1. Which of 175, 102, 44 has the fewest other C-beta atoms within 10 Å, and how do the rest follow up to the most?
2. Go ahead and collect, in residue order, the members of the stretch 147-188 whose backbone nitrogen is under 16 Å from a label point 7 Å along the Cα-Cβ direction of residue 109.
3. Using 7 Å Cα-to-Cβ label points, what is the residue 54/residue 141 separation (nm, one decimal)?
4. Can you compute the label reach from residue 23? Point 7 Å from Cα along the Cβ direction, backbone N cut-off under 20 Å, restricted to the stretch 45-71.
5. State whether the stretch 51-183 is rounded, prolate or oblate according to the following rule on the C-alpha gyration tensor (a ≥ b ≥ c being the square roots of its eigenvalues): a/c under 1.5 gives rounded; otherwise a/b larger than b/c gives prolate, and the remaining case gives oblate.
6. Provide 184, 91 in ascending order of the number of other Cβ atoms located within 10 Å of each residue's Cβ, fewest first.
């Protein structure tokens, strides 16, 4: 009987292993090749996808302009062959790639809200490293992951950690110094080249 239990245990592990998602993990060479230093000051931008009809927020990500510009896209579905990905971190977020990302999300039914906070270089780098260390995020926990990172910014220690993208959006709007930009489908391609 113990052997039978052992066999079932191994079978269960094999089945679970087969169901586990393969996380993207770009090589060091690809990540290095994609290096892009964004324009302007170091900053953190909370990006939230919001429904136009009922204002429900459906997805959160974090554009980090540190020693390089990357996009932390927890549980995100956007993919571009030119953008190396490691778990939820997207490298090489040039203006063109950022435009593609926004275009993917800003549709007839959805808009993208970009809330930017300028931070010192050391803070931007800290958030970048913290995002890398978080690794992959389970589906449905994008806001939880991004709000955890925002909560690590000096002065934002009381930023509410929540699973709801709308909570993060509303909390970010209350922070002094945050600038907001809303992008609708018709805005795609306008003024993003300097972003």
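1. Working: 175 15, 102 22, 44 27.
The order, fewest Cβ neighbours first, is 175, 102, 44.
2. Once the point is set 7 Å along Cα→Cβ of residue 109, 185 turn out to lie under 16 Å by backbone N, inside the stretch 147-188.
3. 2.6 nm
4. 60-64, 70-71
5. Values: a/c = 1.35, a/b = 1.04, b/c = 1.30.
Rounded, since a/c falls under 1.5.
6. Values: 184 13, 91 21.
In order of increasing Cβ crowding within 10 Å: 184, 91.
Throughout, read-outs are computed from the coordinates displayed, never taken from laboratory work. Nothing here was measured: the structure is a model prediction, and the numbers come from that model. As a convention, Cβ positions derive from the backbone with ideal geometry for all residues, glycine included, and neighbour counts pool all protein chains shown.
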